[in-house]
Structure formats: C-alpha cells, structure tokens
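Engineer: Below are the structure tokens for one structure; questions will follow.
The values are calculated or read from the model by the stated rules, or taken from the named source; none is laboratory data. A quick note: this is a predicted structure, and the numbers were derived from the prediction, not measured. FYI the Cβ positions are ideal-geometry reconstructions off the backbone, even for glycines, and counts take in every protein chain you see.
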Amino acid sequence: MCGVFGLVCHEPVNQLLYDGLQMLQHRGQDAAGIVTASGQSFHMHKGSGMVRDVFRTRNMRELIGDAGIAHVRYPTAGNSKSAAEAQPFYVNSPFGIVLAHNGNLTNTDELFENVCYRDLRHINTRSDSEVLLNVFAHELETRIDGETLTVEHIFDAVTELHKMVRGAYGVVALIAGYGMVAFRDPYGIRPLILAKQQDEQGRTDYAVSSESVAFNGLGYEVWRDIEPGEAVFISFDGEFHSRQCSDQAVLKPCLFEYVYFARPDSKIDGVSVYQARVDMGVSLAEKVKRELPWEEIDVVMPIPDTSRPSAMELAHHLGITYREGFIKNRYIGRTFIMPGQAVRKKSVRQKLSPVASEFKGKNVLLVDDSIVRGTTSREIVEMARDAGAKKVYFASAAPEVRYPNVYGIDMPTREELIANGRSVEEIAAEISADGVVFQDLDELIVAVSKLNPKIQGFDTSCFNGKYLTGDVDEAYLEKLASGKVSAELIQKVNPTLVDHSVRVDDNQDDDE
C-alpha cells in the first residue's frame, strides 16, 4: 500500500508536497520521495524511512519549481528494502518522465519481458512501478511525431496501457516541459482524488492524491474522484484536460480501504471513511447479538486506532459501556526482523499497554478492524487476561481474511492466514478468545455501498478469493507464496541485479 500526491501550482510546491506526504504517511513508512519540475528540469530527493527522516532543510531547498509529485512507499512488489526502489522513478526517453504508483500489477512478468526484450528498455529494480513507467514511456514514444507531444498522444498512450496492464494502479507522473498526468486502473481499485483552489490572481491550482485527507490544511477543495480508467492532464500553465481511456471501466474499489487503510477523515469515491466504519459497527453489533452471549459483556474496547469508530457504535447499539482499555505508544518504531515468538510478544507489548483497572473482573469484548495472521490478536487477548479480564471476546469489523491480496496490500501468504482452513470456533481457540465474531461480507458491502449507490461493486478478493482482473489463479498464488513472482524473470534478464530483499514479520498495525 502506498500514497501518491501531485501538484501543479503557481507557487513553489516543495513545502506543500512535504505537508501532503505527512498526511499520507499512514499509507507507507518504508520510503518517501519528492520530485519537482522547473522548466525542463526535474529535482529529486528520495530515500528509505518516514517522511520526517528522509527530508532535511538542505533537501527541501533543492526541490524548486511550481509543480511536483510525491510518494510514500510500503513494499508490495519487489520485496526490497533498498532505497533504489523508493519512488518516484525516472526515465529520460522519449522525454524526461517521473512516475509514482500506488497499487500492484498482476502481469508484471509479461510486461517485463515486453519492456526488456521487445522494447529494449532497461529495468533497474524489481519494482512493478518501474515496469509501469517504462510501459507508459514506450507508448508515448510510439505516438509522438518528431518532438511534438500533444494531449491526445498522452491519452492515447494511457488507453493502450490500460489494454496491456492488469492489476491495480493509481498513478501520478510528470512529463518534462509539459505537465502532470494522473490515471487510474479501469476498476478503480486504488483511489485517486482531484482537488483545486484559486490563488489571489484568480488562477487555478490543481492537486491529485490517494486520499482527500492530504488536501486538509493546504487550502485545496476536493473536486472529484478520478474515474476508473480515466486520465487527466494538467499542463504546467494550468490547463486541465481529461478523457476516459478505457471502454471496460467499472467502479469497484478495494473494500479494505474503508475497513483499515484509509484515514477516517478521508472521503474516497464519495464515501466518508468514518461514516462507513460507524455503520460497520451497527451491523457488527447485530452479529454479536446473534452469536455471542452479549448480555454478559460488561465493556466494549477498541484495539487502537482504526477500529475505534466501529467499536464506539457497536457499544452504543448494544447499550454496553465503551471504554479505552489499551493505550497505544505512538513513539515505537516498526519492528522489522522478528526472529522468534518471544520477540514478537515484546513488540506487541511495547506498542499497546493495558489499563488494568478497566479489565479487572470484567467480561470484555475487544473490537479490531481485522484478524489476518492472528499473532497480534492472540497476544492482545493474553494481555487482557493478564490485566484481570474474566472472559475475553473478540469482534472483527472485517470478514475472515482467507486469501492473499494481490492488488497492493501486503498480506501474508494463504498458509499463514489464520482463517485459512479454520472455522470461527477454531480461530477463537487459536487466539485464546472465549468467542469470535466476524463481520458478514454482504453486510460490509451494504455498509459502504449505501453511502454511494454509484459504486458498482468492490474488490473483495482477500475475503472470497474473487480477483477482478481475471488473471489470478491457483498457479499464480502458489508462485506468490513461494516468493518467485517476478524475481526469477528479472534475475534472468539482469543477473547482476543485487537482491536487497529482507524477510519481515507483519507484526505491525495491520498484522492482526
């Protein structure tokens, strides 16, 4: 999962891009990058780490220009911790182009072969985003007449890209000397939102972001979502153009965005993320009534922070006291290499601290956004018991996660998912809970879609194994599990490529 941000303004954008990235930090903490444009030149700085760690005053001073794009990265494809895979990526042919991508491609191997063998372009990393950039650059190159590039050339290139590329992608890119282009996959799996503002001279400035929250505090007003399959182009002079570039476009965004990844103060595809999570709490409360001895529950507690709106509404709907039983330490960094169970337990207990008086002698219902691998959930249940809880029940605002997500969410392999091959009762036993309740998928879909009836469906693949792009089969998932997707082919084409990959445990906020 990543975050992208782009601006075309009539003022320097370096500080605005930095501030926007800070608001998107939740979408990726492994790397960050900014590229600005002035005249025919790009100015780039990127590196591993959080936004606050990557950029210093000296870096910001060098990022001159009135337009730019930015990216925060959480690795999904490439499996690398190398700074070389920090985005945006750059190519110099046929024009200087920089590109930032949120999502994940599912036919990267096929595209890689085309780019390297047929198009004779060089790929330097294992990132599908670099492959995507070279596909776009090649399609532009085949369409230009001499040195002239038109808006129609750009839109035609995106149209052809949609025909070739499968997967999820929300993209912002700069073309040197021309402007900024942004486009979204034909299903709209990953979000991409437009905003604008008028400056003091009455000129219009434009912004593009993965989430509307990035516009908060910058003075930009949300305009609309970029439609699935649509491309927009904004020249450096501020001229706005748009075109639908796919005849197969249908709005089916990722359902997990609303459950977990997006910030609650964002609005995506016309849906308030906060309201969606509140409504999830209502349907989850009804499920609790049907499946747990809810009358004996003394208190409802969220696992901070994402589940808080659902937990509060669930407690209100059931008429049960809501309390904050766990306090999150916001200053603990991510724990990357987890060599043993003892270290994993220590990591969870460093991040969450129980308020013992809220647990002692009580039957507790814990509410979390999801249960993925189950290691964190098991430790949290144990912490509640150690703090004095008599019984510990667990409710998940998401359905059982039974399948990998291949569209940009870095989840464990199917064998590592706690719901894989287990009943709800077996899952409860695995995490040592007295009972577990999962949100019904149909109810979750209703909770989100009723906030925008124009949504025609959702990507629900991690819950039911139905992959929108139609190219993910058992063989693909097996290769994904073995860690060989893309890596074998890239090593064959470029055997000198250094493997910077690091195996990490997902015992982080999205590990539950």
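Engineer: Pairs please, first residue from the stretch 347-361 and at positive phi, second anywhere and aromatic (F, W, Y), Cβ atoms under 7 Å, 6+ apart in sequence or on different chains.
Structural biologist: Hits for this filter: zero, empty list.
Engineer: For the stretch 97-118: of the residues being buried (at least 19 other Cβ atoms within 10 Å of the Cβ) and either closer than 17 Å to I154 by Cβ or among the aromatic types (F, W, Y) (or both), which is nearest to the chain's Cα centre (by Cα)?
Structural biologist: Here the answer is H101.
Engineer: Out of all the residues in the stretch 355-363, is one or more β-branched (V, I, T), buried (at least 21 other Cβ atoms within 10 Å of the Cβ) and either part of a loop (DSSP other than H, G, I, E, B) or not assigned by TED's automatic domain parsing to the domain that holds L105 (or both)? Can you show your working first?
Structural biologist: Step one: of the stretch 355-363, the residues β-branched (V, I, T) are 355.
From the residues that got through so far, the ones that are buried (at least 21 other Cβ atoms within 10 Å of the Cβ) too are none.
The answer is no; no qualifying residue exists.
Engineer: Might you check whether a residue that is in a helix (DSSP H, G or I) and within 27 Å of the chain's Cα centre (by Cα) occurs anywhere in the stretch 234-250? Outline the logic, then answer.
Structural biologist: If we filter the stretch 234-250 for residues that are in a helix (DSSP H, G or I), which is where we start, we get none.
Checked the stretch 234-250: no residue is in a helix (DSSP H, G or I) and within 27 Å of the chain's Cα centre (by Cα).
Engineer: Filter the stretch 208-233 down to residues that are in a strand (DSSP E or B) and either of a type in the set (D, E, K, R) or out of contact with any helix residue (DSSP H, G or I) (no Cβ under 6 Å at 6 or more places or on another chain) (or both), then give me how many there are. Spell out the reasoning first.
Structural biologist: Step one: of the stretch 208-233, the residues in a strand (DSSP E or B) are 208-209, 221-225, 230-233.
The next check asks that each one be either of a type in the set (D, E, K, R) or out of contact with any helix residue (DSSP H, G or I) (no Cβ under 6 Å at 6 or more places or on another chain) (or both); those that pass are 208-209, 221, 223-225, 230, 232.
Number of matching residues: 8.
Engineer: Do we find that E85 is charged (D, E, K, R) and surrounded by fewer than 19 Cβ atoms within 10 Å (Cβ to Cβ) in this structure?
Structural biologist: Working: charged (D, E, K, R): yes; surrounded by fewer than 19 Cβ atoms within 10 Å (Cβ to Cβ): no.
It is false that E85 is charged (D, E, K, R) and surrounded by fewer than 19 Cβ atoms within 10 Å (Cβ to Cβ).
Engineer: Filter the stretch 405-443 down to the residues that are under 19 Å from the mean Cα position of the chain (by Cα) and under 25 Å from R184 (Cβ atoms), then identify the one that is surrounded by the fewest Cβ atoms within 10 Å (Cβ to Cβ).
Structural biologist: D410
Engineer: Looking only at the stretch 138-180, count every residue that is buried (at least 22 other Cβ atoms within 10 Å of the Cβ), modelled with pLDDT of 95 or more, touching an Asp or Glu at 6+ places or on another chain (Cβ under 7 Å) and assigned to a helix (DSSP H, G or I) and tell me the total.
Structural biologist: Residues meeting the conditions: 2.
Engineer: Do you know which residues across the stretch 39-57 are in contact (Cβ under 8 Å) with a residue 24 or more places away in the chain and out of contact with any strand residue (DSSP E or B) (no Cβ under 8 Å at 6 or more places or on another chain)?
Structural biologist: G39, Q40, S41, R52
Engineer: Among the residues that make up the stretch 78-100, is at least one of them at pLDDT 90 or above, touching a Gly at 6+ places or on another chain (Cβ under 8 Å) and of a type in the set (S, T, Y)?
Structural biologist: Within the stretch 78-100 (the criterion being at pLDDT 90 or above, touching a Gly at 6+ places or on another chain (Cβ under 8 Å) and of a type in the set (S, T, Y)), the answer is yes, since at least one residue qualifies.
Engineer: Then there's this: Kindly indicate which of R323, R308, R243, R290 is of a type outside the set (S, T, N, Q) and under 25 Å from A207 (Cα atoms). Talk me through it step by step, then tell me what you get.
Structural biologist: On the way: R323 fails: under 25 Å from A207 (Cα atoms); R308 fails: under 25 Å from A207 (Cα atoms); R290 fails: under 25 Å from A207 (Cα atoms).
Sole residue among the options that is of a type outside the set (S, T, N, Q) and under 25 Å from A207 (Cα atoms): R243.
Engineer: Hey, any hits in the stretch 257-268 for a residue that's surrounded by fewer than 19 Cβ atoms within 10 Å (Cβ to Cβ), touching a residue at least 12 places away in the same chain (Cβ under 8 Å) and more than 30 Å from A433 (Cβ to Cβ)?
Structural biologist: The initial filter retains those residues of the stretch 257-268 that are surrounded by fewer than 19 Cβ atoms within 10 Å (Cβ to Cβ), namely 264-265.
Now restrict to residues that are touching a residue at least 12 places away in the same chain (Cβ under 8 Å): 264-265.
So of that shortlist, the ones also more than 30 Å from A433 (Cβ to Cβ) come out as 265.
Checked against the condition, which is being surrounded by fewer than 19 Cβ atoms within 10 Å (Cβ to Cβ), touching a residue at least 12 places away in the same chain (Cβ under 8 Å) and more than 30 Å from A433 (Cβ to Cβ), the stretch 257-268 yields at least one hit.
Engineer: Could you check how many residues of the stretch 34-65 are farther than 21 Å from C9 by Cβ and of a type in the set (D, E, K, R)?
Structural biologist: 4
Engineer: What is the one condition in (1) of a type in the set (A, V, I, L, M); (2) assigned to a strand (DSSP E or B); (3) under 23 Å from the mean Cα position of the chain (by Cα) that V401 does not satisfy?
Structural biologist: V401 satisfies all of (1) of a type in the set (A, V, I, L, M); (2) assigned to a strand (DSSP E or B); (3) under 23 Å from the mean Cα position of the chain (by Cα) except (2).
Engineer: Within the stretch 420-437, is even one residue in contact with a Leu (Cβ under 9 Å, 6 or more places away or on another chain), part of a loop (DSSP other than H, G, I, E, B) and charged (D, E, K, R)?
Structural biologist: Yes, there is a match, as at least one residue in the stretch 420-437 is in contact with a Leu (Cβ under 9 Å, 6 or more places away or on another chain), part of a loop (DSSP other than H, G, I, E, B) and charged (D, E, K, R).
Engineer: I would also like to ask the following. Taking the stated definitions as given, is T36 surrounded by 21 or more Cβ atoms within 10 Å (Cβ to Cβ) and at pLDDT below 95?
Structural biologist: Details: surrounded by 21 or more Cβ atoms within 10 Å (Cβ to Cβ): yes; at pLDDT below 95: no.
Against the criterion (surrounded by 21 or more Cβ atoms within 10 Å (Cβ to Cβ) and at pLDDT below 95), T36 does not qualify.
One line per residue, one yes/no per condition, for (1) in contact (Cβ under 8 Å) with a residue 40 or more places away in the chain; (2) in contact with a helix residue (DSSP H, G or I) (Cβ under 6 Å, 6 or more places away or on another chain):
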| position | (1), (2) |
| --- | --- |
| A285 | no, yes |
| D298 | yes, no |
| P304 | yes, no |
| E313 | no, yes |
| K328 | no, no |
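Engineer: List pairs: first residue in the stretch 126-146 and in the same structural domain as D156 (by TED's automatic domain parsing), second residue basic (K, R) anywhere in the structure, Cβ distance under 7 angstrom, at least six positions apart or on different chains.
Structural biologist: N134/R121; H138/R121
Engineer: Within the stretch 113-121, is there a residue that is touching a strand residue (DSSP E or B) at 6+ places or on another chain (Cβ under 8 Å) and in contact (Cβ under 8 Å) with a residue 40 or more places away in the chain?
Structural biologist: We begin by selecting, within the stretch 113-121, every residue touching a strand residue (DSSP E or B) at 6+ places or on another chain (Cβ under 8 Å); these are 121.
After this cut, where a residue has to be in contact (Cβ under 8 Å) with a residue 40 or more places away in the chain as well, the list is none.
The answer is no, given that none of the residues of the stretch 113-121 is touching a strand residue (DSSP E or B) at 6+ places or on another chain (Cβ under 8 Å) and in contact (Cβ under 8 Å) with a residue 40 or more places away in the chain.
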